[in-house]
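Have a look at the structure below, then the notes.
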Amino acid sequence: MKRDEIQSQLDHFLAIKTACEHLPIYPSFQRSPFTLWIKENVSKKECSFFQRDPRCKEQLCHCGYSKSDHTDEAIKPEDFTGETWDKAKHIRKAPTDAFGDISFGGLGQKTSKYVRVSADTEAEVLYELLTQQWKLSPPNLLISVTGGAKNLNLKPQLQKTFRRGLIKVAQTTGAWVITGGTHSGVMMHVGQAVREYALSNTMQGQVVAIGVAAWGVIHNRDKLVHEEGCFPANYVIDTQGQGNMACLDNNHTHFLLVDDGTNGHYNVENELRGKLEKYISGKNLGNKVSSMTIPATQTTKIPVVCVAMEGGSGTLDTIYNAMRNDTPCVILEGSGRIADVITQVFGKPVSQITITLIHKLMKKFFGQEYKTFTEQKIIEFTKQIQDIIRMSHLLTIFKASKDDQGGVDLDVAILQALLKASKTIESQRGESWKRQLKLAIAWNRVDLAKTEIFTEQRTWKSSELHEFMTSALVGNKPEFVNLLLENGVCLRDYLKNDDTLCGLYKQLPNCFFLYKLAKRVKLADSSNRRQALGQRVRVPAGVNISLTHVSDEVRHLLGRFTQDIYPPSDMIYQLDMSTEDISSSVSKDQDLLRQNRAEAQRDPGRDLFLWAIIQSNKHLSEIAWDQCRDCISAALAASKILKKMAEESIDADEPQEMLELASHFEDRAIGVFSKCYNSDEVRAQKLLVRISRLWGKTTCLRLALEANDKNFVAQSGVQALLTQIWCGELSVENPVWRVLVCMVFFPLIYTRFVVFRRDELIQRETEKNEEIKTVEKVTGSIMMINVHRSKLNVEPLGCWSRLVGLYCSPRVKFYGNIVSYFAFLFLFAYVLMIDFQRTPSIAELVLYIWLFTLVCEEIRQLFYDPDGFGFRKKAKRYIHEMWNILDVISILLFCLGIAFRLTTQLFYPGKVILCIDFVVFCLRLMAIFTISRILGPKIIIVRKMMRDMFFFMFLLSIWVVAYGVAKQGILIENDNRLDWIMRGAIYEPYLVIFGNFPENIDNAKFDKNSCSMNGTDPLKPKCPKLNKNQMPVFPEWLTIVMLCVYLLFANILLLNLLIAIFNYTFEEVHDNTDKIWKFQRYELIKEYYSRPAAPPPFIIFSHLYLFIRKMVLCKAPIPSTEFKKQLNPIEEEELLSWEALMKDRYLLSARQEKSQSMERCIPDTSQKVTTLTERMEKLEEQVTQSNKSLQRIEDILKSLVAPAKETQPQTSTMPDESSNSLRTAEEEDGFHVKSHQLQFPDSKIKRFPVPEEKVPWEVSFSSYMPTYYSSEDGNGRAEGSGPEDLDNYRNPGGRTGIGGRGTLSRLGPNLNLDLVVTRWRDSARSELEFLAVLNQNQRSLALPGVSGYWFTFCFVLGFSEIHLLFFCTFRVLLILWITCQEI
């Protein structure tokens, strides 16, 4: 008993161990949600009754499986004779046992997903499996590839074209490719195409290739079976040992293995594959904007296309059934067999596609396989091919070119086939172009849109393209945006409603701005709710993004010196407010809103450009920038926004992309401004200081400075403006010495000693007038002068104006302040060195007053804010400037020195502090050189080098301290004097670097009298430890070696490193110092432009004037017009139009430069060669068509001149070729076509195939055996309803392939009455309308019958305005018709 327990435990342990070993292969040991879903929704099929098939030699069941493959319940005793095997009865469902991941091994370890499904699985379940469980994105296109399953040998060129074209169309459109999934035939070529794409595009998403194969024909399928799924299942492709089975293709991404319960039967998956394709084609196109822009009645379904190559009868059936379901088909010419048969008869009239012709073609392209076809099969082939050719709008023949330079690619042919089919199907409703454009946008194929949609045959309205514009914008398809703008979209009409722009912001892609905007909306929502409690403001339940939120966030990015670019939204008040409160508050708000809206003009180009910029979309922003009116301001604003977002972004990659885009638009602004400045300097300078209403009422110059766009500020046009402002009313041509002389002897300004700008302007106008008069005298004609120039009445400056213009010039103010500062330093030095008494002297008191005026000036600069930054940002900018920091330090040290100096105990320390302060004041003197073009950049280099030296000192201090401490510890023993410790450990090692070598490291110069033995003498260092001979005992060799090593690293290595760093900094910064100096020059110019005219200490009077004006008189400061100018609307419109012209010239020149580059010439030449080759191909095709037409005419002429004896009535023995003469004109025009289709409408009945030549009753058709069919809803009251009376009733149009009455009520005449309701569309009665019913399933229009849905369609179609007389007349006629029927 004990042994049994041990054995039981051992078995249990082994079972657990075995399960654990399998856990890595099958992680679904504990069922995952995917496994549970599969078990609940997906099933397989298995045989529940084994009965040996007598037709098979092996022990096989009727289902095709062996006895061992059946369950125990399915195997009955040998003497069991209770029932006979029936597929419908004995094939049952069971939970599937094959699903998971399949690994094919080999290079790359390709892994795919698979599942075994029942043949009757709902298509909805399969679609859910693909999209939700396997996480596939819904397709924009479904490509069903069919063709030869075995021994498919394609020509290398056709093979290359097929693979490249198929992958290109799948990759560009986001399509799903559905094939048979096996490793043979056309499926293998599809797999190879997917593999080549995966190897060459490792960074992009994979192409979805779904294989739908029959489970019963899969070789090695036992490797895929496991109750809990295989993750992964190791599958080996064994083409040598597969026999009649087939292996799965290792390059497909997903597999649906269809199981009908049988084994070894092909094509069992076709029905489920067709159901899945039909279900997918009924789904709406997966466009993220469809729900917003396209109504439910106008949604576009996922298009399906069938691509066929080679193949046999199964491929022909697939093509035929696909085209019957309005699925376009593309057939590859030259691929072989049935594909080439169809391509040979394509373009011929149906009457010429005879049985004999199909015989010849089948024999030619099928070879030995042709002998296996019966006559009846050839007839069926002929009928199917005739129907296929009749549906030519759904058929496209692709002819591969002989080389890569000519012809149409397969991807273009596939998409053109879809567009052609869409155009034909929906042409009745006139909306084919809408579906075509939706498909082209979904596929992102702008080339097709240009060639197939936007042609010269139609004029487009802007409103018709608005929904497509939204789709292109939200879908990030800039090429389509540009195409729509070129073909009629007006941005002003498109963005005239705020809802459209808000909708675009709501559908922003995941970006930094969207995160910030959502955060701002959330904060605004909470603040509005708190405000609503006190002010009774209605807050909406769901907060949406509004333009106010966008404006606030954009203002944050641009800077607080700007204003809102969008006006604030209205405030909605509740009704319980009093009438007076409502009238007063609302009227004020409305006035304010009107003012804001009048000021804040809307430019649709600006709105679209801003929407593209905040998501860092380069291509869309370039297109939108081209539509902007104020293009320079827009480019600079984009640079500021992008740099601010890059500064605040927490992502690792986004900031670099934003900075690159910011630099790109800075270059755009530079290019346009350069064009403007080269054309007209005055207008270009106006663009810099003009207030832009579109960008927050700021200027281009201010935006460039805030965006730190040094390249833009360094432009000659910007610097010319700054120089002009720097000189004020004086001319820029005046030498410095003349200005300095006039500052002392001001009466010289009334002479020609210095030149004013007004004098130059008067002189230029005088010279122009003289030139005009001279030309008029020579030509004898009167020249027209520009209006705005003729209005300029320039008058010379008066005496007072000249004096004010001299001393108010920033240049003169600068010179005066330099002289004043030198005088201040001279007085400061005099006090420190000569007149520094216990009691302050008069000179020292003057120094105090002088410093007080400097303090007042610094306070004025801190609070002076003409740009509206606010005190906080203004203080930040003030402290950020190095010269202001020196000013603050010098003033604080001076105040501290004065405080110490006025006390008795700290009198001398106060003088020391003032002496140090004098050094700081002298350093501040370097600021005067920043205006110099030569010394200004050098000061920038010095600042950079000081920063390098500061960090270098950390590295040097390591060696100094290391050597100093070691030396001091070896030489001196236990010295407790801190000053001498610091001298020996730091000071002396530092001096060694500069050549002051120590004398105490060796015994040669040791002097006992030069040191103190116990360290008691404060003026002498402590002596080292001595021996009996009164000589130092430290190891002399060690100290010398340490000194040598220290000098080697510190004096040679580190100092040369410092020199190298300085050299590198100089070379790196020297190229940019000029730009940096020009950029910083603005601040100096602006500082002295706003500075009072009098220098310190006389500046105190200007401060008193400003204080009285601001505090006592409460007057606003006088605004500056040099840096910000408000233009009148007419002048501004003229200036912006000129700017737009310059922008177009810049873009044109940029394109020309790009096209002239060598890199661009090669693609252009290649494109020209391709175009010429395509034209030659088209010409060759036209010649071929012309030859065919001539041959057809020749055949017709020959038939007309045939002998009369051949026209005798021998209809029963006429050959097949002569049957063309029996076809009537009515049949050639397409009548009675639907009555000849193989599939009977709305049923599973299949007609007997009747080729076109065998339709007439006069032609003999001995093998004609029509299918008998009579619907069950016939009333049976008519005579001749039985099969024996069929000969008495024949279709006068000819054979239809079916006998019986079909869906008719009776054989013979079926009386019917159709009423047509009409009305005149206009009063002139030039256009008549009639009422018709649209059958959505059959996509055809029909007259309404009496089946009961007449009134419904009348109501739906909106015929409420039809007079009552129509309905009364209809009722009378209906009653009369019913009475006649009863009689």
Taking first residues from the stretch 347-362 that are surrounded by fewer than 17 Cβ atoms within 10 Å (Cβ to Cβ) and second residues anywhere that are not in a helix (DSSP H, G or I), the pairs with Cβ under 6 Å that are 6 or more apart or on different chains are S351/R1223
Would you be able to say whether some residue in the stretch 577-591 is within 29 Å of D867 (Cβ to Cβ) and at pLDDT 50 or above? no
Among helices (runs of 4 or more DSSP H) entirely inside the stretch 829-918, those with 3 or more residues being open to solvent by 40 Å² or more (accessible area, probe 1.4 Å), over 30 Å from R1081 (Cβ atoms) and not acidic (D, E) are 842-863, 882-901
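Being more than 15 Å from N678 (Cα to Cα) and surrounded by 13 or more Cβ atoms within 10 Å (Cβ to Cβ) is the filter here; which residues of the stretch 1141-1151 pass it? Break it down stepwise before answering.
Of the residues in the stretch 1141-1151, the ones more than 15 Å from N678 (Cα to Cα) are 1147-1148, 1150-1151.
L1147, A1150 - these are the residues of the stretch 1141-1151 that are more than 15 Å from N678 (Cα to Cα) and surrounded by 13 or more Cβ atoms within 10 Å (Cβ to Cβ).
Take the residues in the stretch 133-149 that are open to solvent by 10 Å² or more (accessible area, probe 1.4 Å) and hydrophobic (A, V, I, L, M, F, W, C); name whichever of them is farthest from W176 (Cα to Cα). I'd like the intermediate steps shown before the answer.
Within the stretch 133-149, the subset open to solvent by 10 Å² or more (accessible area, probe 1.4 Å) is 133-138, 140, 146-147, 149.
Cutting the leftovers down to hydrophobic (A, V, I, L, M, F, W, C) gives us 134, 136, 149.
Values: W134: 14, L136: 10, A149: 20 Å.
My answer is A149.
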Subset of the stretch 827-845, residues hydrophobic (A, V, I, L, M, F, W, C) and either in contact (Cβ under 8 Å) with a residue 24 or more places away in the chain or touching a Ser or Thr at 6+ places or on another chain (Cβ under 9 Å) (or both), comes to F828, A829, V831, L832, F836
**Q.** K383 being over 23 Å from I280 (Cα atoms), of a type outside the set (A, V, I, L, M) and in a loop (DSSP other than H, G, I, E, B)
**A.** no
Inside the stretch 617-674, the number of residues satisfying the requirement of being more than 21 Å from R555 (Cα to Cα) and not acidic (D, E) is 14
In the stretch 716-740, anything crowded, with 20+ Cβ neighbours inside 10 Å and not in a helix (DSSP H, G or I) is listed as G728, L730
Considering residues that are within 18 Å of Q171 (Cα to Cα) and without any contact (Cβ under 8 Å) to a residue 12 or more places away in the chain, the number found within the stretch 443-476 is 0
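Does the stretch 201-217 contain at least one residue that is free of Cβ contacts under 8 Å to residues at least 60 places away in the same chain and in a helix (DSSP H, G or I)?
Filtering the stretch 201-217 down to residues free of Cβ contacts under 8 Å to residues at least 60 places away in the same chain leaves 201-207, 209, 211, 213-214, 217.
Next, from what is left, pick out any that are in a helix (DSSP H, G or I): 217.
Within the stretch 201-217, one or more residues are free of Cβ contacts under 8 Å to residues at least 60 places away in the same chain and in a helix (DSSP H, G or I).
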Checked the stretch 606-620 for anything part of a loop (DSSP other than H, G, I, E, B), touching a helix residue (DSSP H, G or I) at 6+ places or on another chain (Cβ under 6 Å) and open to solvent by 10 Å² or more (accessible area, probe 1.4 Å); matches are S616
Of the conditions (1) in contact with a Gly (Cβ under 6 Å, 6 or more places away or on another chain); (2) free of Cβ contacts under 8 Å to residues at least 24 places away in the same chain, the single one that Q368 does not satisfy is (1)
R116: passes all of (1) outside any helix (DSSP H, G or I); (2) surrounded by fewer than 22 Cβ atoms within 10 Å (Cβ to Cβ); (3) basic (K, R) but (2)
When the stretch 309-345 is checked residue by residue, the ones that are among the β-branched types (V, I, T) and either surrounded by fewer than 19 Cβ atoms within 10 Å (Cβ to Cβ) or more than 40 Å from the chain's Cα centre (by Cα) (or both) are T315, I338, V341, I342, T343, V345
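Run down L485, L517, L504, L473 and say which single residue is open to solvent by 20 Å² or more (accessible area, probe 1.4 Å), touching a Leu at 6+ places or on another chain (Cβ under 9 Å), at pLDDT 75 or above and outside any loop (DSSP other than H, G, I, E, B).
Numbers: L517 fails: open to solvent by 20 Å² or more (accessible area, probe 1.4 Å); L504 fails: open to solvent by 20 Å² or more (accessible area, probe 1.4 Å); L473 fails: open to solvent by 20 Å² or more (accessible area, probe 1.4 Å).
One residue alone meets the criteria, L485.
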Within the stretch 150-172, of all residues that are touching a residue at least 40 places away in the same chain (Cβ under 8 Å), closer than 29 Å to S137 by Cα and of a type in the set (S, T, N, Q), the one least open to solvent (accessible area, probe 1.4 Å) is T161
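Does Y1082 satisfy being closer than 23 Å to L722 by Cα, in contact (Cβ under 8 Å) with a residue 24 or more places away in the chain and touching an Asp or Glu at 6+ places or on another chain (Cβ under 7 Å)?
On the way: closer than 23 Å to L722 by Cα: yes; in contact (Cβ under 8 Å) with a residue 24 or more places away in the chain: yes; touching an Asp or Glu at 6+ places or on another chain (Cβ under 7 Å): no.
When the stated conditions are applied, Y1082 does not pass them.
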Residue hits (the stretch 446-465; open to solvent by less than 40 Å² (accessible area, probe 1.4 Å) and closer than 13 Å to N482 by Cα) are V446, A449, F454, L465
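Return the residues of the stretch 218-239 that are assigned to a loop (DSSP other than H, G, I, E, B), closer than 19 Å to V42 by Cβ and not hydrophobic (A, V, I, L, M, F, W, C); say none if nothing qualifies. First the steps, then the outcome.
Of all residues in the stretch 218-239, those assigned to a loop (DSSP other than H, G, I, E, B) come to 219-220, 225-229, 235-239.
Checking the rest, the ones that are also closer than 19 Å to V42 by Cβ come to 225-229.
Result: H226, E227, E228, G229.
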Within the stretch 1021-1043, residues being open to solvent by 60 Å² or more (accessible area, probe 1.4 Å), under 16 Å from E973 (Cα atoms) and in contact (Cβ under 8 Å) with a residue 12 or more places away in the chain number 4
For Y1064, the lone unmet condition from (1) under 30 Å from N1000 (Cβ atoms); (2) open to solvent by 50 Å² or more (accessible area, probe 1.4 Å) is (1)
Residue pairs qualifying under the 6 Å Cβ cut-off, at least six apart or on distinct chains, with the first in the stretch 866-887 being closer than 25 Å to V689 by Cα and the second being open to solvent by 30 Å² or more (accessible area, probe 1.4 Å) and part of a helix (DSSP H, G or I), are Y878/L862
Result of the Cβ filter at 6 Å on the stretch 38-55, keeping first residues that are in contact (Cβ under 8 Å) with a residue 24 or more places away in the chain and under 14 Å from L257 (Cα atoms) and partners that are in a loop (DSSP other than H, G, I, E, B) and of a type in the set (D, E), at least 6 apart or interchain, is K45/D260
Kindly check whether there is at least one residue in the stretch 1117-1125 that is open to solvent by 30 Å² or more (accessible area, probe 1.4 Å), out of contact with any His (no Cβ under 8 Å at 6 or more places or on another chain), in a helix (DSSP H, G or I) and not hydrophobic (A, V, I, L, M, F, W, C).
-> no
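Restricting attention to helices (runs of 4 or more DSSP H) lying wholly within the stretch 925-1020, give those where 3 or more residues are closer than 30 Å to N1056 by Cβ, open to solvent by 30 Å² or more (accessible area, probe 1.4 Å) and out of contact with any helix residue (DSSP H, G or I) (no Cβ under 9 Å at 6 or more places or on another chain).
Working: elements: 935-971, 978-982, 988-993.
Fully inside the stretch 925-1020 and qualifying: 935-971.
Give E1206, E1258 a once-over and let me know the one that is more than 16 Å from K383 (Cβ to Cβ), of a type in the set (D, E, K, R) and at pLDDT below 50.
Details: E1258 fails: at pLDDT below 50.
When all the criteria are applied, what remains is E1206.
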Check: Do we find a residue being modelled with pLDDT of 90 or more, touching a strand residue (DSSP E or B) at 6+ places or on another chain (Cβ under 9 Å), open to solvent by 50 Å² or more (accessible area, probe 1.4 Å) and over 23 Å from E1153 (Cα atoms) anywhere in the stretch 685-704?
Finding: yes
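The values are calculated or read from the model by the stated rules, or taken from the named source; none is laboratory data. Bear in mind the structure is a predicted one, so any value in this text is a computation, not a measurement. Positions of Cβ are backbone-derived with ideal geometry, glycine not excepted, and every protein chain shown enters the neighbour counts. Protein only, heavy atoms only, side chains kept; ligands, DNA and RNA dropped before computing areas. Shrake-Rupley method; radii C 1.70, N 1.55, O 1.52, S 1.80 Å.
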